[in-house]
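Undergrad: Okay, here's the structure, questions in a sec.
The values are calculated or read from the model by the stated rules, or taken from the named source; none is laboratory data. All values reported here derive from a predicted model rather than from experimental measurement. Glycine gets a Cβ as well: all are built from the backbone with ideal geometry, and neighbour counts include every protein chain shown. Each accessible area value is taken on the protein alone, full model and side chains, heavy atoms only, with ligands, DNA and RNA left out. Shrake-Rupley method; radii C 1.70, N 1.55, O 1.52, S 1.80 Å.
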Amino acid sequence: MTAASWYHRDISRVVAEDLLAKAGKDGCFLVRDSESVSGAYALCLLFQRHVHTYRILPDEEGLLSVQTIQGIQAKCFRTLTDLIGAYQQPNNGLVIPLLYPVNRAREPVDEDSDGEDGGASHPPSLVPHSGNIVGSTSGPASDFMGFMAEYLSHHLQLDLEALRNGNLQLRHLSTALVTACRGLHSEIDFTLAGLETLAKVFDPPASPRSPVREQGLLASDPDLELLLSKISTVNHLLSSLEKKVLKTLQETVTKHKLALPSVAVAHPPAAKPMAVQNFEVKVGKTQRASLTVDVESGTMAITKRGCSSPEETISQDKILQLIKYQSMQSKVRLVYDRDQHRSLTRDFIFQNARKREAFCQLLQLMKIQHSNLDEPDLISVYVGTWNMGSAPPPRSMASWLTSRGLGRTQDETTAGIPHDIYVIGTQENSLGDREWVEFLRASLKTLMSIDFRVVALQCLWSIKIVVLVKPEHERRISHVNTSSVKTGIANTLGNKGAVGVSFLFNGTSFGFVNCHLASGSEKTHRRNQNYSDILRSLVLGDKRLSSFDLTLRFTHLFWFGDLNYRLDMEVQDILAHVNKKEFEALLAVDQLTLEREKNKVFLRFSEEDISFPPTYRYERGSRDNYVWQKFKTTGVRINVPSWCDRILWKSRPETHVLCNSYGCTDDIVTSDHSPVFATFEVGVTSQFVPRKAPGSSAESLACIEWDSIEVIVKTASRSKCYIEFHSYCLEESQRSGENSSQSSDIPGFLKLSWSAKQLPVLSPILSDLEYLLDQHLLLSIKGMDSCESYGECCIAMRSMIGSLAQQFETFLFHRGEETGSMRGWMKVRVPKDRRSTRERLYEWISFETDETESDVPTFSKPALRAIRSRPLSLPDAASSYTNPAYFIFEGVPNTWAQCPSLSEPPYSPASDTQADRHPGHSPCRRLQSLTGAQAASSSKEQLQRSPHYPVSETTSCGHQLSLSQIGRHKRPKSAILTRDPQTSGDCSLTALHMAWCLSDVDSEPPKRGSCLGPSQPEGRKNLLRHTRSALEPPPQSCWEGARSQRDTRRLNRAGEWPCGSGDHPRSVGMWLSRLGLEQYEAGLYENGWDDLEFFRNITDQDLLDAGVLSPTHRKLIQAKLHESSPRSLQQGPSVKPNP
């Protein structure tokens, strides 16, 4: 039976509210699956621009009823359709009857057959396909007999030799049986799935049928009886065959004493000690020296050129710090102890940055090996992804597993160092599960001389993920979970989808997702939807965190695979850029980069810089040519070279993760994709054991206290909310009271506040500082009526420790979307006798920030890297955001919007000028806001004190607010509202301000020449209209400090903004007016062409997109631009166009 059109299945709350907002009528409704109760529904109803959500719950008998207001008797219904029909009548306890159903959009037919990737849209045939050989046929029977014949002629001898050596496991026989029965295995899987579905349809509600009854039914059909007999025979033969073969071979060895030919058994090489490595460096300006690192002995020697003996030998325990220079990528400073009272520093310049990284890695490995710690602080993680193209792998995958090839690769001195964890993800892998795992283990054993242990294997058709660890780490792995999601045709086929693995490494949680998304250059939206489906449906991590966004459940989450995002550029242009290694120009049109910039996918994920050529679509057997044409019966398919294969990650705030390599191989040519690899240095925590027994007094226990919390969420609901607190450091989850105040003056946004009275004091299970420094708090905002989440976030406790409240600020996420923001004040009090801690092994390597400031560089971690901006040669594309919440958090420059008055925020007496006691924490640029002409003078003093709302000195309407006029404040600790660390000054607005800017739904542009004022009734309305139209991205990146300041000075003239001609910058408009083409000013402005410096490079297509439809006018504009020099361009042309 087809589901009703108003039933939208498992769409999110945000999507449901957007659909109702678009419908716009009171009484519009839809039904979706409940996010908080399994098997329940949520009825969403629009009334007076707010969405009211009612839960539809089943009882023990399966009857459905709506939770309504008290005093209204609940009615029960057998079906959802009956329930909806009844509530279309008035006086049923709802705010308004159900009047207008909002129908779900018809799902497009997904023709994603994987045709361009070389795969198949059906389950992988695990029986090898024979070629088209004349005079031979290939089928299941011939394939099976071929496997058996191969075993009897080649591998039986190996099993017999192993038996003589005392090994009772017939490994080759087992492999042959598994391979031969693969086809049967897949067929039975499909048959069983259908039979189980059919059985569920006819399962009666009463007691199950008796076995006698079932037997009689089956026996009535001779075909079914024969099938059962065959399955029983197969079961008997498979279970007894291995025993029979083993018994026969044992008798052959003992009775007949056959002299078998010796079989060469390849013994794995013995583990070798790590070789001593030498590095040629420059010391000072001209002096040359050699650095010798002996990891086994734990020493480093410095030998000057021409000397036979070392000048100085330093043991690992004397090395205090390594400082990497940011200004010179090949330079490092070594700080070490000469004696008990004196430490020295030495600067070394290596041949290149890769040699420096290898030197630092060896010293770090030396520290780890010679430390007296029982548990590691730092591990190395390898992540690899490869679309194998349904072809068998090559005999050697050494380059892939040792991170050698193109891009940022490992140096040869460290390529052979084994990683602690290997995570291998493949797509279109035709090998059997066991066969693939054993192949990987054998490859690593050959390369590393280590027998890696299998942590997990998860497969979905031909998508596989394997996790291997060193033997010594096997005991540290716990809580292993696996999951898979199908996203193929109608989300029922597994040719596309994802597999995932999660586990705990001591006290650190890891998540790994390998996916294969929809193919085709035009299917960007479908890939985005695949990502959302995977994010919502993967069941990984702690079950107690199942209501949290998947990206928040783990300390470190790695997401990789054949993401299939393409390059939006002509093939010949792509090839020209690839030949010149101009990857930045290609990344500017990379679909994944663009979608991330729009906040559509992979929010707050990181990806290392790409410095290798596109990994798809190569000619098989070579890496010299891209095969971008595919000839099909329907025509020629164009597959542009693209970076389809990617590796991204997301970690909790204030954790240690560093990408050491990111590249692809250049010698594995069996597939049209190149394998991609990335290696990471990851800080981990141990299962902490306190040095002292916990005390009983309050002074000896740590506690987490909250002063206030303020939340802004994108929702049309007016429900009261509470906050749920989760953490590994808490015995159980805690919840707050309902919010003390709220306001929904801005349509589509809800502002909530909690004071200290409504917030619980949390008591960690351990009070030691060393333990608390590594802990995180997960917070979820939930509605009191539906218990569904409006957003979740993560707060690091490291920067919150102290006797004074610290400010935090972070985003809210739900189902992969940004749904709001949270800020507040909190503190973590630690008893004085519990404040001892130790330095982590990864903390002894630091980064120099500015060599010119001081002789001693600042010991700070590298700043967080923002998402890549588009090159200046390409203007920013017009915004395609459909969710208004994206505008709030995207960081719109203050020169692009005029702010109305702001309500007075709560002020906390805690000072925001305290010294940062954790220099390892990377400060992020805080969100600041502007104030409009309506800001009351009585609240101005408070606003100046508040760390959230700095006040500009210039507040009169019609004046540009420059960067220099805005107060600069210290970034709150533990904040993760990262935009770009290179920004100088304020370039963003607070979420509350942007909510005000979005409050008017009328998008009519302001009238020309109108000056907005607070005393005019239409003033505020026009102001909001103007602000909404100005929310397009600027024509250049907002973090270009020098250019931004120069543009601000040029535009900062009274009456020019927002008043004046058209409320737009005058430079381009005045230039056009000289030509008599001022009618095109608005269109050019909306497309980002408001700056003459970039306007000179405009193309004919850009003019057409901006609304200049007349070919004569386009030619005239371009002709005058080419004739003008930059100086004369500022003065403008003086020629009028011909009529």
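Undergrad: Yes or no: GLN591 open to solvent by 30 Å² or more (accessible area, probe 1.4 Å) and either in contact (Cβ under 8 Å) with a residue 60 or more places away in the chain or under 21 Å from VAL669 (Cβ atoms) (or both)?
TA: Values: open to solvent by 30 Å² or more (accessible area, probe 1.4 Å): no; either in contact (Cβ under 8 Å) with a residue 60 or more places away in the chain or under 21 Å from VAL669 (Cβ atoms) (or both): yes.
So GLN591 does not fit the description; no.
Undergrad: Report yes if some residue within segment 337-345 is in contact with a Phe, Trp or Tyr (Cβ under 9 Å, 6 or more places away or on another chain), at pLDDT below 90 and hydrophobic (A, V, I, L, M, F, W, C); otherwise report no.
TA: Yes, because at least one residue in segment 337-345 is in contact with a Phe, Trp or Tyr (Cβ under 9 Å, 6 or more places away or on another chain), at pLDDT below 90 and hydrophobic (A, V, I, L, M, F, W, C).
Undergrad: Give, as residue ranges, the strands (runs of 3 or more DSSP E) completely inside segment 331-399 that count at least 2 residues that are polar (S, T, N, Q).
TA: On the way: elements: 331-339, 342-349, 378-387.
It comes to 342-349, 378-387.
Undergrad: Moving to a separate point now. Can you give me the number of residues within segment 616-626 that are assigned to a loop (DSSP other than H, G, I, E, B) and closer than 12 Å to VAL669 by Cβ?
TA: 7
Undergrad: Quick check on my filter: what residues within segment 730-750 are in contact (Cβ under 8 Å) with a residue 60 or more places away in the chain and of a type outside the set (Gly, Ala, Ser)?
TA: Within segment 730-750, ASP745, ILE746, PRO747, PHE749 qualify.
Undergrad: Another one. Could you list, in sequence order, all residues of segment 418-440 that are open to solvent by 20 Å² or more (accessible area, probe 1.4 Å) and closer than 18 Å to ILE450 by Cα?
TA: PRO418, ASP420, GLU438, PHE439
Undergrad: Out of the residues in segment 442-478 meeting the condition of being open to solvent by less than 50 Å² (accessible area, probe 1.4 Å) and in a helix (DSSP H, G or I), tell me which one is farthest from VAL499 (Cα to Cα).
TA: MET448
Undergrad: Does any residue in segment 556-573 that is more than 24 Å from ASP542 (Cβ to Cβ) come within less than 6 Å, Cβ to Cβ, of a residue that is among the acidic types (Asp, Glu) six or more places away or on a different chain, and which pairs are these?
TA: ASP562/ASP645; LEU567/ASP590
Undergrad: Hey, another quick one. Could you tell me whether any residue of segment 566-581 is within 18 Å of TRP649 (Cα to Cα), of a type in the set (D, E, K, R) and buried (at least 19 other Cβ atoms within 10 Å of the Cβ)?
TA: No, there is no match, as no residue in segment 566-581 is within 18 Å of TRP649 (Cα to Cα), of a type in the set (D, E, K, R) and buried (at least 19 other Cβ atoms within 10 Å of the Cβ).
Undergrad: Looking at segment 507-540, which of the residues that are among the basic types (Lys, Arg) and open to solvent by 10 Å² or more (accessible area, probe 1.4 Å) is nearest to ILE379 (Cα to Cα)?
TA: ARG536
Undergrad: Next up: Go through the residues of segment 32-47 one by one and say whether even a single one is touching a residue at least 60 places away in the same chain (Cβ under 8 Å), hydrophobic (A, V, I, L, M, F, W, C) and open to solvent by 20 Å² or more (accessible area, probe 1.4 Å).
TA: The first filter runs over segment 32-47 and keeps only residues touching a residue at least 60 places away in the same chain (Cβ under 8 Å), leaving 34-37, 42, 46.
The next check asks that each one be hydrophobic (A, V, I, L, M, F, W, C); those that pass are 37, 42, 46.
Filter once more, so that each one left must be open to solvent by 20 Å² or more (accessible area, probe 1.4 Å): 37.
Yes: one or more hits.
Undergrad: Go through segment 713-734 and give me each residue that's closer than 21 Å to ALA796 by Cβ and not in a loop (DSSP other than H, G, I, E, B).
TA: Those that are closer than 21 Å to ALA796 by Cβ and not in a loop (DSSP other than H, G, I, E, B): ILE723, GLU724, PHE725, HIS726, GLN734.
Undergrad: Picking from LEU334, LEU322, LEU362, LEU344, which residue would you name as being without any contact (Cβ under 8 Å) to a residue 12 or more places away in the chain and open to solvent by less than 50 Å² (accessible area, probe 1.4 Å)? First the steps, then the outcome.
TA: Values: LEU334 fails: without any contact (Cβ under 8 Å) to a residue 12 or more places away in the chain; LEU322 fails: without any contact (Cβ under 8 Å) to a residue 12 or more places away in the chain; LEU362 fails: without any contact (Cβ under 8 Å) to a residue 12 or more places away in the chain.
Sole residue among the options that is without any contact (Cβ under 8 Å) to a residue 12 or more places away in the chain and open to solvent by less than 50 Å² (accessible area, probe 1.4 Å): LEU344.
Undergrad: I want to confirm something. Restricting to segment 646-671 and keeping residues that are open to solvent by 20 Å² or more (accessible area, probe 1.4 Å) and of a type in the set (A, V, I, L, M), which single residue is nearest to THR414 (Cα to Cα)?
TA: So the residue we want is LEU658.
Undergrad: Test of understanding: among LYS714, LYS720, which residue is under 27 Å from the mean Cα position of the chain (by Cα), charged (D, E, K, R) and open to solvent by 10 Å² or more (accessible area, probe 1.4 Å)?
TA: Unique residue meeting the criteria: LYS714.
Undergrad: Same structure, new question: Please give the number of the condition GLU770 fails out of (1) open to solvent by 40 Å² or more (accessible area, probe 1.4 Å); (2) of a type in the set (D, E, K, R); (3) not in a loop (DSSP other than H, G, I, E, B).
TA: Going through (1) open to solvent by 40 Å² or more (accessible area, probe 1.4 Å); (2) of a type in the set (D, E, K, R); (3) not in a loop (DSSP other than H, G, I, E, B) one by one, GLU770 breaks only (1).
Undergrad: Moving to a separate point now. Can you give me the ranges of the strands (runs of 3 or more DSSP E) entirely in segment 37-96 with at least 1 residues that are modelled with pLDDT of 90 or more and out of contact with any strand residue (DSSP E or B) (no Cβ under 8 Å at 6 or more places or on another chain)?
TA: Correct list: 41-47.
Undergrad: Which of the residues spanning segment 584-611 are closer than 16 Å to ASP562 by Cα and not in a helix (DSSP H, G or I)?
TA: Matches in segment 584-611: ASP590, VAL601, PHE602, GLU607, ILE610.
Undergrad: Quick check: is even one residue across segment 790-805 under 24 Å from ASP18 (Cβ atoms), acidic (Asp, Glu) and open to solvent by 40 Å² or more (accessible area, probe 1.4 Å)?
TA: The first filter runs over segment 790-805 and keeps only residues under 24 Å from ASP18 (Cβ atoms), leaving 790-793.
Subsequent filtering for residues that are acidic (Asp, Glu) retains 792.
Filter once more, keeping what is open to solvent by 40 Å² or more (accessible area, probe 1.4 Å): none.
No, because not a single residue in segment 790-805 is under 24 Å from ASP18 (Cβ atoms), acidic (Asp, Glu) and open to solvent by 40 Å² or more (accessible area, probe 1.4 Å).
Undergrad: In segment 551-583, what count of residues is obtained for those that are assigned to a strand (DSSP E or B) and aliphatic (A, V, I, L, M)?
TA: 2
Undergrad: Answer with yes or no whether ILE638 is β-branched (Val, Ile, Thr) and modelled with pLDDT under 95.
TA: Yes, satisfied.
Undergrad: Let me ask you something else. Out of (1) in contact (Cβ under 8 Å) with a residue 24 or more places away in the chain; (2) closer than 26 Å to TRP436 by Cβ; (3) out of contact with any strand residue (DSSP E or B) (no Cβ under 9 Å at 6 or more places or on another chain); (4) open to solvent by 10 Å² or more (accessible area, probe 1.4 Å), what's the single condition that is false for SER483?
TA: Unmet for SER483, out of (1) in contact (Cβ under 8 Å) with a residue 24 or more places away in the chain; (2) closer than 26 Å to TRP436 by Cβ; (3) out of contact with any strand residue (DSSP E or B) (no Cβ under 9 Å at 6 or more places or on another chain); (4) open to solvent by 10 Å² or more (accessible area, probe 1.4 Å): (3).
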